[in-house]
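Below: the structure, in structure tokens.
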Ligand code: DHB
């Protein structure tokens, strides 16, 4: 019998430029998933077509168009930054093609197209969980410091709302440019204010510079605590931060140290396939994104068009290396555990990890819950 035509996944990733670490993690995890699960699913050969969008929305839109028209991809996936996911959304809608957002985290992204399914996280999931923990742990007065675009504004707003409702006080809100940020004048401002803590969102890749400058200014010694969403203590960069990172508390959906058998296998296989590089929270978004795609191909017996694939993705529930997850059938966002973690050194291998010490279970996106 003749082979069915291949099932094509167009992966749009920032492989060069400021956000190249995100692209590298996403690509490595998507490829690992295919390697582990085979490249034939329900009779269809799965082909990954990787395009470097360089982190620029116009390029992302043009490449998405090409992938749809020229390559005739069955699914668009990747999306390392919010503006990139938004740029492709109208094309997903017009062509009725699922758009799997594996990285970007602004809550409203899933509302930009009914074809968007998210396997990463929303910033309010992380920020609101952090805001619940802080006031119960001696943090009453906070300055927020975020990257000035979608996910930063989401993190700021949801932190403030939850923190205030628990009796906390936000004394200043600072927004730092996304491109080539210089944190020093902002950190100086925080130091002058002397809050109990500074709550931070910076995108994956930017945390190391911020932590370094925080410690260089003696802010830790001055008694100001550093808290944030898990982007700050990205597993990919954590070891490079050294002892400066010890004690930072964050809330997020994934840690390379998540103590489950499924995660141990994932981390070991990822490191083996990538010269010892650790998977970070971006990697798990791509790994799970591929899982959702594979399950949808199976459920539609390899014959599903865009709407059928989308329908198969809605409501999917399974055990991921990050813990139990569900694709919310109503919002197409991921329902998942959000863990509270502290950076500690593991005496066994001498490496730094985000060690989980508490969990908020099955968290839905708070932004959509509030509507
Ligand atoms: C986004 C990008 C990041 O690098 C991150 O850590 C979280 C969110 C975004 O653009 O949505």
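The values are calculated or read from the model by the stated rules, or taken from the named source; none is laboratory data. Bear in mind the structure is a predicted one, so any value in this text is a computation, not a measurement. All Cβ positions, even for glycine, are placed from backbone atoms using ideal geometry, and neighbour counts span all protein chains on display.
Checking each residue in region 1-33 for being at pLDDT below 95 and crowded, with 18+ Cβ neighbours inside 10 Å picks out no residue at all.
Are any of the residues in region 34-41 buried (at least 17 other Cβ atoms within 10 Å of the Cβ) and within 15 Å of the ligand (Cβ to nearest atom)? Within region 34-41, none of the residues are buried (at least 17 other Cβ atoms within 10 Å of the Cβ) and within 15 Å of the ligand (Cβ to nearest atom).
Quick grid of which residues meet (1) within 16 Å of the ligand (Cβ to nearest atom); (2) at pLDDT below 95; (3) crowded, with 17+ Cβ neighbours inside 10 Å:
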site	(1), (2), (3)
210	yes, no, yes
219	no, no, yes
231	yes, no, yes
263	no, no, yes
272	no, no, no
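Could we say that residue 136 is within 24 Å of residue 285 (Cβ to Cβ), away from the ligand (no atom under 13 Å from the Cβ) and part of a helix (DSSP H, G or I) here?
Values: within 24 Å of residue 285 (Cβ to Cβ): no; away from the ligand (no atom under 13 Å from the Cβ): yes; part of a helix (DSSP H, G or I): yes.
No; evaluated as a whole, the condition is false for this residue.
Looking at 322, 345, which is the one that is touching a residue at least 24 places away in the same chain (Cβ under 8 Å) and within 16 Å of the ligand (Cβ to nearest atom)? Spell out how you get there, then give the answer.
Working: 345 fails: within 16 Å of the ligand (Cβ to nearest atom).
From the options 322, 345, the qualifying one is 322.
Considering region 188-207, the residues that are buried (at least 23 other Cβ atoms within 10 Å of the Cβ) and assigned to a helix (DSSP H, G or I) include one that is nearest to the ligand (Cβ to nearest atom), namely 207. The residues on offer are 136, 47, and the sole one that is over 22 Å from residue 323 (Cα atoms) and in contact with a strand residue (DSSP E or B) (Cβ under 7 Å, 6 or more places away or on another chain) is 47. What residue, among those in region 233-244 that are within 16 Å of the ligand (Cβ to nearest atom) and outside any loop (DSSP other than H, G, I, E, B), is nearest to residue 283 (Cα to Cα)? The residue in question is 238.
Just checking, how many residues over region 317-346 are outside any strand (DSSP E or B) and either at pLDDT below 95 or within 28 Å of residue 290 (Cβ to Cβ) (or both)? Give the steps one after another, and end with the answer.
Residues of region 317-346 outside any strand (DSSP E or B): 321-322, 328-333, 346.
Within this subset, residues satisfying the condition of being either at pLDDT below 95 or within 28 Å of residue 290 (Cβ to Cβ) (or both) are 321-322, 328-333.
Result for region 317-346: 8.
Scanning region 275-296 for residues that are more than 21 Å from residue 356 (Cβ to Cβ) and buried (at least 24 other Cβ atoms within 10 Å of the Cβ) yields 286, 289, 290, 292, 293, 296.
Among the criteria (1) buried (at least 17 other Cβ atoms within 10 Å of the Cβ); (2) away from the ligand (no atom under 16 Å from the Cβ), the one residue 178 does not fulfil is (2).
Considering only residues that are more than 16 Å from residue 342 (Cβ to Cβ) and either out of contact with any helix residue (DSSP H, G or I) (no Cβ under 8 Å at 6 or more places or on another chain) or surrounded by fewer than 17 Cβ atoms within 10 Å (Cβ to Cβ) (or both), which ones fall in region 354-363?
Start the filter on region 354-363 by keeping residues that are more than 16 Å from residue 342 (Cβ to Cβ), which leaves 361-363.
Within region 354-363, 361, 362 qualify.
Would a scan of region 100-114 turn up a residue that is more than 22 Å from residue 15 (Cβ to Cβ), crowded, with 20+ Cβ neighbours inside 10 Å and touching a strand residue (DSSP E or B) at 6+ places or on another chain (Cβ under 7 Å)? Yes; the residues of region 100-114 include at least one that is more than 22 Å from residue 15 (Cβ to Cβ), crowded, with 20+ Cβ neighbours inside 10 Å and touching a strand residue (DSSP E or B) at 6+ places or on another chain (Cβ under 7 Å).
Inspection of region 34-50 identifies at least one residue that is in a loop (DSSP other than H, G, I, E, B) and touching a residue at least 24 places away in the same chain (Cβ under 8 Å).
Does residue 214 meet the test of being more than 16 Å from the ligand (Cβ to nearest atom), in contact with a helix residue (DSSP H, G or I) (Cβ under 7 Å, 6 or more places away or on another chain) and either assigned to a helix (DSSP H, G or I) or without any contact (Cβ under 8 Å) to a residue 24 or more places away in the chain (or both)? For residue 214, the condition - more than 16 Å from the ligand (Cβ to nearest atom), in contact with a helix residue (DSSP H, G or I) (Cβ under 7 Å, 6 or more places away or on another chain) and either assigned to a helix (DSSP H, G or I) or without any contact (Cβ under 8 Å) to a residue 24 or more places away in the chain (or both) - is met. The condition (being at pLDDT 95 or above and surrounded by fewer than 24 Cβ atoms within 10 Å (Cβ to Cβ)) is satisfied by just one residue among 80, 138: 138.
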